[in-house]
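The values are calculated or read from the model by the stated rules, or taken from the named source; none is laboratory data. Not measured: the values here are computed from a predicted model. Glycine gets a Cβ as well: all are built from the backbone with ideal geometry, and neighbour counts include every protein chain shown.
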Amino acid sequence: MFLRSLMLVTLLTFSFVLASGQERFTPCIPADKFIEVSITPKTIASSDNIPARNIWILVRTPGPDQVVVPGDDALKARIMELMQEIVDSGAEVGIGKGGNPEPGDPPQLELFLADLDSVRSGFQLVLPTELNSPPGTADLGRTFSIRLCLKFAPPTIPSSVQIEIHTLAAAQTTTLRIEKTLELADAKPDLVNALAGHIHVNISYAPADLRDAKRDRDINSDEAAELRVKKELLTVVAKAFDEAIAKGLLSAEGKPLFDRFSGKEVAQSVQDSLTNTYNLNGFEPLIDWARVRVRVGVLD
């Protein structure tokens, strides 16, 4: 995360009246998405012919009320996770130098937040322009409340869904994997005339699964073995769709109800439920008919 770069955007200078009554830092424009933090100056003592200097440091991490991202619970949750990591580390955190701290500077808050562009495309952290300069003499001993503006594209709900089911043997190989692309109606015939029936379904299995199927004495050919394996996997597909609806990942019509970031926990819940149901060896995952990808329900 510390190797990631974060685009910092400066704003035109405006006056911001602090709680103390003094004008000091630029406000967010517009003021609808921001993180509010408290900062204070710190003096780094001189050493090895390097003069003493002042830097900005974080006084405390923000709580949920100081992280304002209306309607975006996934982004807010990730920001709070990162703030908790700072608290748990016990480290002093600086702010204002981005990816260019000087020797002796603490880790910068901007770098802690650098991976947020993986949660929201185009994420930008906009610092007040005054943080580009070190604290002045008049700032020493004081604490300031400032807002870090947030810019990002709002989440969009995908219009399509894809379900993937793999046996454990197929998941562990690529050269011998047998892959089939079907439709949900192949697993749930009652949806043959519904839009949901056309949801793409990818299943895969391996020769080892066909050999396992042949242990059934009623199966005496490769064709019969393959039909049995496909039937079993389509049963899991049908269950995956039902679970996704029951847990709120998909609507009854098969439409995603989350974007691919905010739906991860729900999708993981669907996956866990299916694995627990279809793992034929209990907690020993030697045979797993229900390896459902975390992104089930969301297709970019």
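Values for this structure:
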{"read-out": "Some residue of the range 102-117 being within 30 Å of N202 (Cβ to Cβ), assigned to a loop (DSSP other than H, G, I, E, B) and touching a helix residue (DSSP H, G or I) at 6+ places or on another chain (Cβ under 9 Å)", "value": "no"}
{"read-out": "Criterion violated by S159 - all others in (1) part of a helix (DSSP H, G or I); (2) at pLDDT below 85 satisfied", "value": "(1)"}
{"read-out": "Qualifying residue in the range 95-117 (condition: on the phi > 0 side of the Ramachandran plot and surrounded by 18 or more Cβ atoms within 10 Å (Cβ to Cβ))", "value": "yes"}
{"read-out": "Among (1) of a type outside the set (A, V, I, L, M); (2) free of Cβ contacts under 8 Å to residues at least 24 places away in the same chain; (3) part of a strand (DSSP E or B), the one test that P41 misses", "value": "(2)"}
{"read-out": "Given (1) charged (D, E, K, R); (2) closer than 15 Å to P134 by Cβ; (3) under 18 Å from the mean Cα position of the chain (by Cα), number of the condition D117 does not satisfy", "value": "(2)"}
{"read-out": "Sole residue being touching a Gly at 6+ places or on another chain (Cβ under 9 Å), surrounded by 15 or more Cβ atoms within 10 Å (Cβ to Cβ) and of a type in the set (A, V, I, L, M), chosen from I50, I44", "value": "I44"}
{"read-out": "In the range 21-41, the residues that are of a type outside the set (D, E) and either surrounded by fewer than 17 Cβ atoms within 10 Å (Cβ to Cβ) or touching a Gly at 6+ places or on another chain (Cβ under 9 Å) (or both)", "value": "G21, Q22, P27, I29, P30, A31, S38, I39, T40, P41"}
{"read-out": "F241 vs. criteria farther than 30 Å from F34 by Cα and buried (at least 17 other Cβ atoms within 10 Å of the Cβ)", "value": "yes"}
{"read-out": "Selected residue (only one of T173, T235 is within 24 Å of S269 (Cα to Cα), polar (S, T, N, Q) and surrounded by fewer than 18 Cβ atoms within 10 Å (Cβ to Cβ))", "value": "T235"}
{"read-out": "Residue ID - surrounded by the fewest Cβ atoms within 10 Å (Cβ to Cβ), chosen from residues in the range 180-217 that are at pLDDT 90 or above and acidic (D, E)", "value": "D190"}
{"read-out": "Residue list for the range 196-224, restricted to those being over 23 Å from L274 (Cβ atoms) and among the hydrophobic types (A, V, I, L, M, F, W, C)", "value": "I219, A224"}
{"read-out": "Among the candidates F34, F25, residue that is out of contact with any His (no Cβ under 9 Å at 6 or more places or on another chain) and within 20 Å of A153 (Cβ to Cβ)", "value": "F34"}
{"read-out": "Unique residue being in a loop (DSSP other than H, G, I, E, B) and either charged (D, E, K, R) or closer than 20 Å to D32 by Cα (or both) when the list is R78, R120", "value": "R120"}
{"read-out": "Pair list, Cβ < 6 Å and 6+ apart or interchain, from the range 112-141 residues that are polar (S, T, N, Q) to residues that are assigned to a loop (DSSP other than H, G, I, E, B) and at pLDDT 85 or above", "value": "T129/T26"}
{"read-out": "N276, sole failed condition from (1) in contact with a Pro (Cβ under 9 Å, 6 or more places away or on another chain); (2) of a type outside the set (D, E); (3) surrounded by fewer than 18 Cβ atoms within 10 Å (Cβ to Cβ); (4) outside any loop (DSSP other than H, G, I, E, B)", "value": "(1)"}
